[in-house]
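Shown next, in structure tokens, is the structure this report addresses.
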Amino acid sequence: MARILALDYGKVRTGIAVTDELQLIASGLTTVETKELIPFLADYIEKESVERFVVGLPKQMDNTPSESEALIQPFLKKLTGRFPEIPVERQDERFTSKMAFQSMLDSGVKKKKRRDKSLVDEISATLILQAYLNRI
């Protein structure tokens with residue numbers, strides 16, 4: 001089986017998580033600068049088999065798209081244009097940043113490390129991917 005790769009897309013940074021080859025476990029992979037995301041993905045896909053992308057779907061509490069969805073739509077066009085053979089699915093990402101921060105607190109991550117926004121993005125991508133795995 002191939003891996004599933006999840007993206008917590010952001011204007012500056014994007015958190016990335018990936019499954020194991022059996023698609024059982026979601027693990028944080030890294031965080032990259034968004035401007036470097038497509039080249040990073042191209043390099044990763046050369047080395048690993050990726051079955052699908054899961055991209056976070058930011059929503060308001062009333063289920064309407066959040067403002068950041070306007071940034072994600074052009075990226076989705078670029079992603080599907082560059083990797084047309086890999087399907088893209090969306091996963092609700094409400095509360096993932098808060099849950100990521102809380103998981104860092106619960107895990108005893110030191111205050112200085114908790115300020116590292118890239119770690120929050122990577123954990124958020126992992127939560128998005130785990131929610132997707134739980135749903136399918």
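The values are calculated or read from the model by the stated rules, or taken from the named source; none is laboratory data. Given the structure is predicted, the values throughout are model-derived calculations rather than measurements. Here the Cβ positions follow ideal geometry from the backbone for every residue, glycine too, while neighbour counts run over all protein chains shown.
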Among the listed residues VAL32, VAL18, which satisfies the condition of being within 16 Å of GLU122 (Cβ to Cβ), at pLDDT 95 or above, in contact with a helix residue (DSSP H, G or I) (Cβ under 7 Å, 6 or more places away or on another chain) and crowded, with 19+ Cβ neighbours inside 10 Å? VAL32
Take the residues of region 114-136 that are part of a helix (DSSP H, G or I) and over 19 Å from VAL32 (Cβ atoms): which is modelled with the lowest pLDDT? ARG114
Pairs, first more than 17 Å from ARG13 (Cα to Cα) and polar (S, T, N, Q) in region 39-63, second modelled with pLDDT of 95 or more and surrounded by 17 or more Cβ atoms within 10 Å (Cβ to Cβ), C-beta under 8 Å, six or more apart: SER49/ARG3
Count of region 42-70 residues which are farther than 23 Å from ARG135 by Cβ, among the aliphatic types (A, V, I, L, M) and surrounded by 15 or more Cβ atoms within 10 Å (Cβ to Cβ): 1
With respect to TYR9, determine if the residue is out of contact with any Ser or Thr (no Cβ under 9 Å at 6 or more places or on another chain) and closer than 15 Å to ALA125 by Cβ. no
Verdict on GLU85 being of a type in the set (Asp, Glu), under 17 Å from ALA17 (Cα atoms) and modelled with pLDDT of 90 or more: no
